[in-house]
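Submitted below is the structure of interest, expressed as structure tokens.
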Amino acid sequence: MYDKDDPRSALATADRPDAGGGIAAAQYLDLTATPIVRAQNVVLIHTDARAGDDLDNGTLEGELAVVVTGASPAFTVRTGSGATTVDTPGLVVVPPGASRISVHGDGPLVRLVEATEPAWRARAANAGAYARDHERVALLRRWPAPAGEPRVRVYPLSDVPDDPKRFGRIFRTRSFMVNFLPPQDGPRDPRRLSPHHHDDFEQLSLAVQGEYVHHIRTPWLPDRTGWREDEHVRIGSPSVTVIPPPAVHTSEAAGPGVNQLIDIFSPPRQDFSEKPGWVLNADDYPMP
């Protein structure tokens, strides 16, 4: 389903779509109106932060990941073992336990926590969509603990240039995988889209700049009452689109300026992890 030169061309899965329960609907979530949303295994918190804000993350059983974009302010993560200041785009991973974030400027911050965290899961605007676990989505089992002592880990994008042989800039934690995709200047070529599907995990497509059209096709199961029309939904930023398995999907940059997506998965993707050099912090976070 990918162009032959696309590095993802060998990664599309092809299990039978009629194996399993009903296929969930895609969700298109405006983060300005609904800043706390979730998928089956992850809660995403979007904060339009202001200088002087003190963000309490609570006391977490799992890690906290902070997605830092070019528009994000500088901030300091405070844990029981010290303070770490971050002033560059990338991914920040905070170990389990209590933590706070002191904000030093204005701009968006995105935090990821496991959906089992009681202080956050019920606050999601779309919590009702997960009143029951989705049968087709594999439940999170944390990957192995990172090497060394627990500490705040900062992975700057500036340390890693884009490489056309690698799909984006990918980092993983025990529970999440975050892929910073290259910015797209202007609309995507409609003749070079990349429709594909996933067998057993959701994709969260976080739009941090510009506009996108998400094209989604739900496979036909034997039960026709669950069939859906194809969807071609235009959405701006900040937003997140939750794409269920095994829906066929592709995202098309549509804004006239800069468009940028960040893809989020939970648990980390095995297929991306097996590609040599794709996961940029693999030395810290081993595979199962």
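Roughly how far apart, in whole Å, are the Cα centres of region 59-121 and region 194-271?
The two parts, judged by their Cα centres, are 26 Å apart.
What's the whole-number percent of alpha carbon pairs in region 128-190 lying beyond 20 angstrom?
It works out to 55 percent of all Cα pairs.
Measure off, as a whole percent, the carbon and sulfur share of the 1.4 Å-probe accessible area of the chain, all protein chains present.
Ligands and nucleic acids excluded, carbon and sulfur give 50 percent.
When the chain is treated as a GNM, springs tying every alpha-carbon pair under 10 Å, which of P219, P246, P268 comes out with the largest mean-square fluctuation?
Highest fluctuation among the options: P219.
Separate question: What length, rounded to one decimal in nm, is gained on full extension from D163 through to M287, with 0.36 nm per residue of separation minus their alpha-carbon distance?
Contour length minus the Cα-Cα distance gives 42.4 nm.
Shifting gears a bit: Would you mind checking the radius of gyration and Dmax of region 140-288 based on alpha-carbon positions, in Å?
When restricted to the Cα atoms of region 140-288, Rg and Dmax are 16.8, 53 Å.
With the dipole of the chain worked out from charges on the C-beta (+1 for Lys and Arg, -1 for Asp and Glu) around the Cα centre, which of Q203, P146, V103 lies farthest toward the positive end?
The residue sitting most towards the positive pole is P146.
Another question about this same structure. How charged is the neighbourhood of H46? Take every other residue with its Cβ under 11 Å from the Cβ of H46, and add Lys/Arg as +1 and Asp/Glu as -1.
-1
Moving to a separate point now. Loop-only check: which trypsin sites (Lys or Arg not before Pro) in region 149-231 are DSSP coil with at most 15 other Cβ within 10 angstrom?
Of the trypsin sites (Lys or Arg not before Pro), the ones in loops of region 149-231 whose Cβ has at most 15 other Cβ atoms within 10 Å are R151, K165, R191, R192, R228.
Additional query: Can you order the peptides 68-75, 118-125 by their average number of other Cβ atoms within 10 Å per residue, highest first?
68-75, 118-125
Can you order the peptides 99-111, 200-212 by their average number of other Cβ atoms within 10 Å per residue, highest first?
200-212, 99-111
Could I ask something else about it? Using 0.36 nm per residue, how much length does the chain from V233 to A71 gain when fully extended, once their Cα-Cα distance is taken away?
55.8 nm
The values are calculated or read from the model by the stated rules, or taken from the named source; none is laboratory data. Remember, predicted model here, so these are calculated numbers, not experimental data. Ideal geometry is used to build each Cβ from the backbone, glycine not excepted, and the neighbour counts take in all protein chains shown. Just so you know, the surface numbers come from the protein's heavy atoms only, side chains and all, with ligands and any DNA or RNA stripped out. Shrake-Rupley method; radii C 1.70, N 1.55, O 1.52, S 1.80 Å.
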